[in-house]
Amino acid sequence: MLAGAEAVLGKSPIRSPAVKRTTMKNFLEALVAVLAGNAIYFLLMPHLPAVARHALFKEDWGLLVDFSICTVIFAAVKYARRHEG
């Protein structure tokens, strides 16, 4: 059944504790990756070439560099925790 249809019919979707735990785990892993990745990027930014530095409110190569660092950290966290649970 569609997610919106359950609300219309008065049924609430039942989430198991395992689903909630997995969702929270994914959120925390992503949060760690973004915070650590941004910290690393902003520490490296003065040493990067001008083209790789992010300017506020612009889409530029610095944004891609920052995203790449965060993605690598997220993948490393996922890989390190692959056997948990």
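Calculate what fraction, in whole %, of the accessible area of the stretch 24-85 sits on carbon and sulfur atoms when a 1.4 Å probe is rolled over the protein chains.
Its accessible area is 75 percent carbon and sulfur atoms.
So, for the stretch 32-85, what is the accessible surface per residue at a probe of 1.4 Å, expressed in square angstrom?
Solvent-accessible surface per residue comes out at 77 Å².
The values are calculated or read from the model by the stated rules, or taken from the named source; none is laboratory data. Because the structure is a prediction, the values reported are computed rather than measured. SASA here: full protein model, heavy atoms, side chains in, ligands and nucleic acids out. Shrake-Rupley method; radii C 1.70, N 1.55, O 1.52, S 1.80 Å.
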